[in-house]
Each structure stands twice: as structure tokens, then as C-alpha cells.
Ligand code: XMP
């Protein structure tokens, strides 16, 4: 891989994605990883990320000079660039000129390897206080700006390169070219990493891991679990069983659609649908507190899933039923494989380690033996979301799955403010279906991140319809834009579209006599109301 050494800014993931966009596989490693461990990963090249510190600050992450002596091509970006200069015999100093934002270069060497064919006609994104004031011996200065006497340098003989700016961000006009020049000209790496390769590689790995065994996957209806299942299905065919728990809190026709889309696209996999609506409704009766609702839904979900799982494992001979109905693992020691749609950002954020391959069933409420351990199968753990979508498309999953907007696990249970009942769910489902239909018809599905539709079940207001007074409930539309759901803004859906949604809902759902729009960003509001 190409390794991105994370010096603690938020840029490392972006750099890794850009490298992958150049069709070269890349991974992120923490700056605390030892040089020996970094080199043990056999990197084709190393990119040093930006970071928040000054290289001279106390506790600033250090760059081991040995990393620059190993013969592996290195590109330093921003902090990484300064750390390189400091680790060699260059000079880094506060120049008193802070460069921040779009910056014009003052000179650029388009005949260099790194900035090959580039010219002054571009903006680069800067964000730094200190500057490199003298390049290390043997290095050519290949760009300057007013605040950076050395804005880029290279030493092609040693395969060492650096730029002060952030080529990975979209605001740097020709940033992707800088990265590609480094990968191709500086490191001699061929662009061979494609979606097709990812699929072949993961299918081979899954086959090796599971061998002749069987696996189970919980489908949520979301893109991650669907793509993970489709990959594993391609690897082991009908030895994969998918379980879809219908908790009765899904939107209109959703369960049927998920079943249909999944069945069509993955042909061979077995799908077990568990209808657990009544069990969930019973468990939620009388509950209004949001956290309590979430806990109940989570608990019931695990109960249902583990029961389904135990049935499947028994059928497959991994478990045997004792006379008293309790479950024991069989003597043949078969492993239970559990497929999960873990993505790369989760892996990075939880420390980036190789991960616990073997987990216990922590929520042992469904009758599985205490000591039954699952081996996780995580075919997406090296991928970013957009790559997962590309893999899904290539595997033939339909667009409605691949581009499905996020939908919370607890479903409509957390979009009814007040007690969850079947009647209320039906009212919300009808209103939600209208809103989704109109947003789709207006072509807004990829512009908005998602649009929760929320029923204020305990609020009533007076209205008039025909000649009569009504006393109905309000529905809240919560359309948001977002990149990652950590922050969000309310989406500026055109008035005509909002008008159509409002008219149709109040005409077609008699229990609703008011439609209101949520215009709160996150923070301070969350996306969901509960
Ligand atoms: P909030 O409401 O926290 O939501 O701003 C952020 C994103 O997460 C989704 N969400 C969930 N997804 N299980 C999920 O799988 C949950 O319990 C859950 N709660 C919120 C929400 O739809 C939004 O996209």
C-alpha cells in the first residue's frame, strides 16, 4: 500500500481517498507507529499528512529521520513537509506571515517531477504559521509564495518530495495532479487499483477465511450490510444466510422492497425474513422517553436476531438442541461466521488496528451458549463509503439500495414524538411516503442527505377542512444536507416542492392538518428528533 502517516489533522482520510482515486491502494497509519512497523508493511510510498502543531512546539509529533533513509519514496504535505525539512538539515521558522486559504504561488518549476507541467495559473490551499526558510541540502526549491520562501521541494535521486500546501483539498486547483505526479513519477506506481480488483481480492479473502463453513449476515436495508452480503454471497453462494428483522417500524413498502431488491441482485443467498412487528409494538407500549425507546428497540432486535441465528446454526449443525431446549455447541467445532459491513473510517477511528477478529456474543439474551464465539467477516473494512457504493453497483445491486439515504436502525420508532402505536405508525408511513415521493419526483434525492418526517403525536392543533373544524396532528419535515451526518444544515428545498408535499399530506392523511418545516442546523439540533 501507499501509507498515509496521520500527523493528527483531519486530512489523513482525505489524502487516502485521493490516492485511491488515483487507483492506488492506500492505508492510514498513526504517526506514533514505529519506523520498523511502518516499513514492515512494505509501503510502495509514504505520504506525511498535515497536522495542527508547529514542528518546534513541545510534544509536537516527530518524524523519525530513518523513515527518510529507507529508500521508500516520501511526500510531505504541510506539517509533513515541515517535519521533513526539520528532520533533514533544512530550516523551519516563523516568518511572521501566516498563509491561510487560497494562495497564489510566486514561482513554480513545471519541469520538476512533482509539479510537472504545472504553472502559476492556479490557487493552492495553505494553512500554516511556520515556513520552511531553507531547503535541506541536495533539494531543489520548486515553488515559492509570498509567505513561503520554500513552498515545495524535491530530491528525485532520494525520491523525497514535499509541498507546503494541501493538494488533497478541492480548493487546490491542481492538487490531484501533484499527488499523481508523486505516485507515478516520484514513486513509479502503476494505477491498477480498481473496483473490479477490490471485488476479486475480497472474494478470495472471504473464501479463504470461511473455507467450507457457513455465514450469517443481518441485513438492515442500508447500503453497507447489503454490499457486504453481496460480496460474501459471491464468495460462498448459498452458504450465506441473510436475516432481515422486520420490526414494524419501517417505512411504507420498505421491507418488501428490500426483500425484492436483495433477492434479485444476489440470486443465491438465502434470506430469512423475521416478522417481529407485534413483539416490538408490545415492548414499546406506553413508552415515550426517547432513550428508553432506543434501548428497547435495540434489545428486542438482538433478541429476535439471536433467536433467528440460533435456528439457523442449529439447522447447519453448528449448534445442537439438548432435550431441555438449551443450546450447546456441537463437537465438530464449527465456527460461526458473522458478516458485518464495517467501513474503513470506523476502523481508523477505533485506532486503526487489525481489529478483534474473534468477538464474543455480548448480548447473549436469545439462547446462544455463553462460549459461542463468532468470527467476524468484514469485507468492507478497507473501503470508504463511495467505494462501497461503487462495489455495490459493480456487483449488480440496484440503485435504490446503492444510493439509499441513511435511515436510523430504530426506524419510525424515533420519529413519533410520543408513544409508538400501530395506528400512529400507519399515519406517519402515509405522510412519509408522500414526502419521499415528491422529493424523488423533484430530483432531490442526491442533493439532500435525508429527510426525516416526524409525527408530533401528542400535539394537536385546530384546523378547518371543507366546512368542518379539525383537531389534528402536525407533521414535521426535516430535510437536511450533510457530508457525514456529524454536522448538517437544513436543506433549502424549493417552495413549490414543499407546497406540493404539504397539500398532498393534508388532503390525503386525514389525521394530519398541519405540515411544518424544521429549519435548524446540526448543531444545535440533531438530524432525528429523538
Ligand atoms: P442524529 O439524529 O444523531 O443522526 O443527528 C445522525 C445520523 O444517524 C442516523 N441515526 C441512526 N442510525 N441507528 C442508526 O443506524 C441509530 O440509532 C440512529 N440514530 C440516528 C440519522 O438518521 C442520521 O443520518
(request) Calculate how steeply helix 290-315 sits against the longest principal axis of the alpha-carbon atoms of the chain, using the helix alpha-carbon long axis, and give the answer as 0 to 90 degrees to the nearest 10. (result) 90 degrees
(request) Using the Kirkwood radius over Cα pairs, work out the Stokes-Einstein diffusion coefficient for segment 67-171 at 25 °C and 0.890 mPa s, in µm²/s as a whole number. (result) 182 µm²/s
(request) For residue 282, put the label point 7 Å out on the Cα→Cβ axis and report which residues of segment 400-426 keep their amide N under 18 Å from it. (result) 420-423
(message) Apply the a/c threshold of 1.5 to the C-alpha gyration tensor of segment 2-186 and tell me whether it is rounded, prolate or oblate.
(response) rounded
(request) Show me 118-127, 11-20 ranked by packing, highest mean number of other Cβ atoms within 10 Å first. (result) 11-20, 118-127
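What ratio of Cα Rg to 2.2 N^0.38 Å holds for the chain?
Here the answer is 1.15, to two decimals.
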(request) Mind pulling the angle between the C-alpha long axis of helix 495-508 and the longest principal axis of the chain? Nearest 10 degrees, somewhere in 0 to 90. (result) 20 degrees
(message) Contact order normalised by length for segment 1-45, with contacts defined as Cα pairs under 8 Å and 6 or more residues apart; what percent is it?
(response) 52 percent
(request) Provide the FRET efficiency to the nearest 0.05 for the residue 467-residue 289 pair, computing r from the beta carbons and using R0 = 25 Å. (result) 0.05
(message) Could you work out the relative contact order of the chain? I mean the mean sequence separation of Cα pairs under 8 Å and 6+ apart, divided by the number of residues, in percent.
(response) 10 percent
(message) Taking a ≥ b ≥ c as the square roots of the Cα gyration tensor eigenvalues, with a/c under 1.5 meaning rounded and otherwise prolate when a/b beats b/c, else oblate, which class fits segment 187-322?
(response) prolate
(message) Sort 410-423, 508-521, 276-289 by packing, meaning the average of other beta carbons within 10 Å per residue, with the highest value first.
(response) 410-423, 508-521, 276-289
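Quick note: the coordinates plus some simple rules give every number you see, no bench work behind them. Keep in mind that this is a model prediction, so the values were computed, not measured. With ideal geometry, Cβ positions are generated from the backbone for all residues, glycine too; neighbour counts draw on all protein chains shown.
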